[in-house]
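Participant: There's a structure below that I have some questions on.
The values are calculated or read from the model by the stated rules, or taken from the named source; none is laboratory data. Since this is a predicted model, take the numbers as computed values, not measurements. Here the Cβ positions follow ideal geometry from the backbone for every residue, glycine too, while neighbour counts run over all protein chains shown. Only protein heavy atoms, including side chains, enter the accessible area calculation; ligands, DNA and RNA are left aside. Shrake-Rupley method; radii C 1.70, N 1.55, O 1.52, S 1.80 Å.
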Amino acid sequence: MDSNLIPPKQWDSYFDLYGGGRVYFGRATSGEGMHVGTPPIMAMFQDIEYYPDEPFIVRSKRSMLKINAEMKNNPFVPDWLRADCFEYFCKTGGYKWKV
């Protein structure tokens, strides 16, 4: 993760997933220094097997409204969210996969 980004302390929305578990969405906050623009959206899985339980940056979607509309009636992890999760943790090397 960008060293200046701080995961949300309070998540904006969450959705229950099929088979148990949840996914949370919120905006990161910026650490020290000056920043321009909207901070990125972050997501975090909770209680889902084979997924990390640490926050990661969502790169596929820029709007919380679009995410909320898409996740509202979908109890499954969408492909774009799965891809963002694995891409983030593979690039940062910050998570050891549970297999």
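Participant: Look at the stretch 75-96 and say how many of its residues are out of contact with any helix residue (DSSP H, G or I) (no Cβ under 9 Å at 6 or more places or on another chain) and either at positive phi or open to solvent by 40 Å² or more (accessible area, probe 1.4 Å) (or both).
Facilitator: 12
Participant: Determine whether the stretch 3-16 contains at least one residue that is of a type in the set (F, W, Y), modelled with pLDDT under 95, in a loop (DSSP other than H, G, I, E, B) and open to solvent by 60 Å² or more (accessible area, probe 1.4 Å).
Facilitator: Checking the stretch 3-16: not a single residue is of a type in the set (F, W, Y), modelled with pLDDT under 95, in a loop (DSSP other than H, G, I, E, B) and open to solvent by 60 Å² or more (accessible area, probe 1.4 Å).
Participant: If you don't mind, there's one more thing I want to ask. Pick from the stretch 21-50 the residues that are charged (D, E, K, R) and closer than 23 Å to A83 by Cα: which of them is surrounded by the most Cβ atoms within 10 Å (Cβ to Cβ)?
Facilitator: Out of the qualifying residues, it is R27.
Participant: Ok, one more. Inspect all residues belonging to the stretch 52-68 and state whether any of them is over 11 Å from the mean Cα position of the chain (by Cα), at pLDDT 90 or above, surrounded by fewer than 15 Cβ atoms within 10 Å (Cβ to Cβ) and of a type in the set (D, E, K, R).
Facilitator: Checking the stretch 52-68: at least one residue is over 11 Å from the mean Cα position of the chain (by Cα), at pLDDT 90 or above, surrounded by fewer than 15 Cβ atoms within 10 Å (Cβ to Cβ) and of a type in the set (D, E, K, R).
Participant: Moving to a separate point now. Working only within the stretch 44-72, note down all residues that are touching a residue at least 40 places away in the same chain (Cβ under 8 Å) and assigned to a helix (DSSP H, G or I).
Facilitator: M64, I67, N68, M71 - these are the residues of the stretch 44-72 that are touching a residue at least 40 places away in the same chain (Cβ under 8 Å) and assigned to a helix (DSSP H, G or I).
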